[in-house]
Amino acid sequence: MKHEENRPWTFVQSIAKQQRWWVVPIGIGIVGVGFFTVSNLLDLTPPNLEIIGIEKGSTYRGRITLKVSVGDANSGVASLDFMLDDSPQPLAHDQVEAGNISWTLDTTSLSDGSHVVSVVAADTSIFRNKTQQSFEFRVDNSPPQIDVSPESLRAGQGRTLAIFIRVNEPAAQVECNLFGWDFTCYPLGSDTYFRGLIGIGVTHPAKTYPLTLRVVDLVGNTAEEVFQLEVKRTMFQRGGYIALPPAQRKNMMNKAKNRSDNIKRGKAYTRSTKVGMQLWNGTFIEPAVGRLTSSFGKYREYNTGVRRHHLGIDIANSVGTPIYAGNGGIVTLAGRLHLYGKSVVINHGQGVSSSYNHLSKIHVVAEEHVEKGQLIGLMGATGQVTGSHLHWGMVVNGVAVNPREWTERDFSAP
Ligand SMILES: [Zn+2]
């Protein structure tokens, strides 16, 4: 054995001599693999894992899509695993595109309640560095359950119907449909207890009507239930025949004046100032001291041929008698009308308004916020009247109702 042949330069010389140049690229390859192994060995950084589409503690229904972006700068991503309540999920992702994976979580196959989804990404290093993200979430695929107080299903003509609805879970929206109209029901101190207020017209036929309640929960599950509502006949007083003097006859028959008054009043009743808020508190007060001269709903016939129910309460006293706000609210009308004279309308929110008419003086301005019992004007005889009195009205969602009921009943409970 020749000693010299063990020397490396001799080996190179020998390669050169033998013209075996192909050994060089193989050598570079071996060094490269070695380098790669070293860098792989030194990769102590776990993959980056970012997940959008699900939030810890949130509630979901139906199918939700998780967008997962995963990457590993050093050694690359070896695996991505999805776990649902500790059981591995097949990776039936819809698209794998440059580390962006969208994965559909179908909650309809899960029971309502708490669940955990985990995503684990591992890199290719010998350490198999892992990143895990877990999301505890809730599933709700059940429609809410609706419970209505039995008192909510009866109402007399000219009265206010208050519908009290209890839901077995927080609701985002509660609506009812009655007489072909949709009404919003507002939360009553909690997101599981709601109230709808509907005025029943004095001439609304007394019979049974379908009342449809529609409740949407926080994730969009919707329940719809139909109840039977009974409108009961109210025996209104009959006021006989009223002979108006010629000037008043002419006024009553003036359709333009009537229309103009009604448009202004209508706007004041429906103005959506803080409409979702309840600006009143407890029962209403009587707005003036005096003698009741005409009750609500009294049926009268005029020498103009007009026959109608009196849609307010008349309280008579001398000119200048103070008139107080029945409850808190925002003044949405303060001015002179043709037939109603100097008038004030207070919008109490949630479709409830009160009106004060034939005043001699108005002490408030439009947009002013008034408190219960605040002086708003003085009694008078403006507009079409036969003497000094207050015509006091209440309107609930566009329909005139008996104001007296609001002084006797606190609508915050059945
Ligand atoms: Zn009146």
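The values are calculated or read from the model by the stated rules, or taken from the named source; none is laboratory data. The model shown is predicted, which means the values in this text are computed figures rather than measured ones. Cβ atoms come from the backbone with ideal geometry, glycine included; neighbour counts cover every protein chain shown.
Quick check on the range 395-414. Is at least one of its residues more than 21 Å from A155 (Cβ to Cβ), of a type outside the set (A, V, I, L, M) and out of contact with any Pro (no Cβ under 8 Å at 6 or more places or on another chain)? It would help to see each step written out before you state the result.
Of the residues in the range 395-414, the ones more than 21 Å from A155 (Cβ to Cβ) are none.
No - not one qualifying residue is present in the range 395-414.
The residue of the range 383-412 that is farthest from the chain's Cα centre (by Cα), among those that are of a type in the set (S, T, Y) and within 13 Å of the ligand (Cβ to nearest atom), is T386.
In the set S109, S114, only one residue is hydroxyl-bearing (S, T, Y), closer than 27 Å to A223 by Cα and modelled with pLDDT under 95; that residue is S109.
Rundown of residues vs (1) surrounded by 16 or more Cβ atoms within 10 Å (Cβ to Cβ); (2) modelled with pLDDT under 95; (3) over 28 Å from the mean Cα position of the chain (by Cα), yes/no style:
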| position | (1), (2), (3) |
| --- | --- |
| R195 | yes, no, no |
| G201 | yes, no, no |
| A206 | no, no, yes |
| T212 | no, no, no |
| F227 | yes, no, no |
| V231 | yes, no, yes |
| R238 | no, yes, yes |
| Y241 | no, yes, yes |
| K250 | no, yes, yes |
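Once the range 78-96 is narrowed to residues that are more than 36 Å from the chain's Cα centre (by Cα), assigned to a loop (DSSP other than H, G, I, E, B) and at pLDDT below 85, the residue that is surrounded by the fewest Cβ atoms within 10 Å (Cβ to Cβ) is P90. Exactly one residue among V345, V364 is away from the ligand (no atom under 12 Å from the Cβ), crowded, with 18+ Cβ neighbours inside 10 Å, outside the structural domain of G201 (by TED's automatic domain parsing) and part of a loop (DSSP other than H, G, I, E, B), and that residue is V364.
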